[in-house]
Amino acid sequence: MLVLHRAGHIELPARKFAPPNPLARRAKPATDFLLDQSPIRGPLRALQPLAIRLVRRTGEEGLVNGLIERFHYLGYTQPVGEQLKYLVCAQDRPVACVAWSSGPWHMGPRDRFIGWSPAVRRQHLHLLAYNTRFLILPWVEVPHLASHILGRMARQISADWEAVYKHPVHYLETFVDRERFKGTCYRAANWVHLGQTTGRGIKEKTKRVTRSIKDVLGYPLRRDFRAKLGEGEAP
């Protein structure tokens, strides 16, 4: 009946009760922290050694949330499902934040690349991680820093995921808004361009493009990722 109502064929009574959404009422992260914003410039080697700290469930998680809320163009949104967050520091100064979460339920270019049927995807979706936010702080201008961080992340995230959630991840993915970015740092870090989104959200019932088109990029963490993600298993 809801489908018929949305299509305009019938008229349902007005909804009398809307269940509360705790995520909608969640307070925004604090952004009133003091931070040294003097410029950081120069070659990448001058920042070494970089520290990439897993801050999930630590006292620094609030700082990462606040930095993303304050300086990322999308702001902070509470991830759903499994999630990890990282703070990247150079000589104890924050230079970047990286956030990961469970992967989107369905993504055509990714599913075709992996070879997933719907049944196998349901079984193995938890074995990939989605890069929800990647923020280089605006006063940091260091060539190759972003791709270097992505390379470091690829080497450590599976072990970190297993330590927190008791299972590894074998594949990374992200979206890049084509109207804003070219995805240069991901390509420099050997991420693979798989295609584009349709521009329609999961709740959009027509074929209208209602959102910006995004590039879909992926990064297998091991050569046998398709076998690990269940290619060819019986539904």
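The values are calculated or read from the model by the stated rules, or taken from the named source; none is laboratory data. For clarity, every value in this text was computed on a predicted model and none was experimentally measured. Please note: Cβ atoms are built from the backbone with ideal geometry, for glycine as well, and neighbour counts cover all protein chains shown.
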Task: Cβ-Cβ under 9 Å pairs, at least 6 apart or on other chains, region 161-173 side in contact (Cβ under 8 Å) with a residue 60 or more places away in the chain, far side of a type in the set (Asp, Glu) - done: 161/82; 164/82; 165/82
Open item on the list: Given the criterion at positive phi and touching a residue at least 12 places away in the same chain (Cβ under 8 Å), identify the matching residue among 83, 123, 78, 91.
Closed with: 91
Task: region 75-99, subset surrounded by fewer than 21 Cβ atoms within 10 Å (Cβ to Cβ), modelled with pLDDT of 95 or more and of a type in the set (A, V, I, L, M, F, W, C), residue farthest from residue 132 (Cα to Cα) - done: 90
- [ ] Inspect region 62-71 for any residue being modelled with pLDDT of 95 or more, surrounded by fewer than 19 Cβ atoms within 10 Å (Cβ to Cβ), more than 30 Å from residue 196 (Cα to Cα) and within 20 Å of the chain's Cα centre (by Cα) and give the result as yes or no.
- [x] yes
Open item on the list: As an exercise: evaluate residue 43 against (1) farther than 20 Å from residue 155 by Cβ; (2) touching a residue at least 40 places away in the same chain (Cβ under 8 Å); (3) in contact with a Phe, Trp or Tyr (Cβ under 6 Å, 6 or more places away or on another chain) and give the number of the one condition it does not meet.
Closed with: (3)
TODO: Of the numbered conditions (1) surrounded by 11 or more Cβ atoms within 10 Å (Cβ to Cβ); (2) at pLDDT below 95; (3) within 30 Å of residue 101 (Cα to Cα), residue 5 fails exactly one; give the number of that condition.
DONE: (3)
